[in-house]
Amino acid sequence: MSATTNRIRRRTAGTAVKIVVTGPFAAGKTTLIRTISEITVLSTEKGITDETRSRKTDTTVAMDFGRITIDRDLVLYLFGTPGQDRFDFMWEILGEGMLGYVLLVDATRPDSLDEAIGILDAFRRMARVPFVVGLNRAEGMDEAEEERIRKTLDLDPDVPVVPCDATDRESVKAVLLALLYAVVDTLDGAAAAQA
Ligand SMILES: Nc1nc2c(ncn2[C@@H]2O[C@H](COP(=O)(O)OP(=O)(O)OP(=O)(O)O)[C@@H](O)[C@H]2O)c(=O)[nH]1
Ligand SMILES: [Mg+2]
């Protein structure tokens with residue numbers, strides 16, 4: 001891990017890295033940040049009053065904020081977005097200065113992947129930074145499913161798709177590490193191009 005840390009440190013001004021967790025309504029974004037954060041997560045959840053209330057009682061209206069220390073020299077600041085598109089003005093605000101992002105989708109709901117298409121479009125337009133797709137509530141993933149996800153989201157082969165469980169710390173860590181490796185590869189590639 002320290003090799004990755006050192007490479008990130010060399011390529012960035014400091015040791016604080018901003019990561020955004022985005023994705024459709026109820027994908028598990030707030031849960032993921034709460035699972036991994038070492039500080040009490042600052043969340044802005046409000047009761048739902050419209051028809052989506054049948055799916056859960058609270059939704060993120062502005063952001064979640066959490067922090068995880070990967071090692072002494074590398075601290076990730078995690079910003080979760082709202083999932084409901086009426087709060088999509090927050091995406092750009094939260095995306096400012098991010099080094100990468102996690103697009104979280106719910107593997108158990110087919111609409112989740114469809115909703116993710118528009119969110120990913122907006123994020124791709126906003127910043128050309130690495131991202132990983134986290135497939136939440138997935139019990140593994142076969143090749144056909146991965147292919148379907150890659151096709152639907154039009155993913156380049158180097159974008160990791162990682163099945164995960166947002167309630168499980170090790171699983172969330174694996175998603176964030178996949179993103180960190182993607183960030184390091186991109187930073188190294190950019191540095192090589194400049195050399
Ligand atoms: N069993 C299980 N439940 C999960 C998992 N992730 C999230 N949940 C539950 O799913 C519901 C939605 O999770 P949230 O974390 O609120 O989802 P969100 O993406 O932040 O939702 P919005 O902010 O409304 O877009 C909550 O009731 C969670 O407890 C998971 O990996 N496994
Ligand atoms: Mg939320």
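Please treat every number below as a calculation from the coordinates, not as lab data. This structure is a prediction, so every number in the text was calculated from the model and none was measured. All Cβ positions, even for glycine, are placed from backbone atoms using ideal geometry, and neighbour counts span all protein chains on display.
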Quiz item: Relative contact order for the chain: what is it in percent, counting Cα pairs under 8 Å that are at least 6 residues apart?
Solution: 24 percent
Quiz item: Which lysines have a Cα lying under 19 Å from the Cα of residue 56, excluding residues fewer than 8 positions away in the same chain?
Solution: 29, 46
Exercise. Have a look at the DSSP beta bridges in region 1-155 and tell me what percent are antiparallel, nearest 5.
Key: 45 percent
Quiz item: When a footprinting reagent is the concern and you count Cβ atoms within 10 Å, what order do 173, 56 take, fewest first?
Solution: 56, 173
Practice problem: Per DSSP H run of at least 4 residues, take -39500 (n - 2.57); add these up for the chain, divide by its residues and hand me the 222 nm value, nearest 500 deg cm²/dmol. | Solution: -13000 deg cm²/dmol
Practice problem: Mind putting a number on the dipole of region 2-186 about its Cα centre? Charges go on the C-beta only, +1 for Lys and Arg and -1 for Asp and Glu, and I need it in Debye to the nearest 20. | Solution: 760 debye
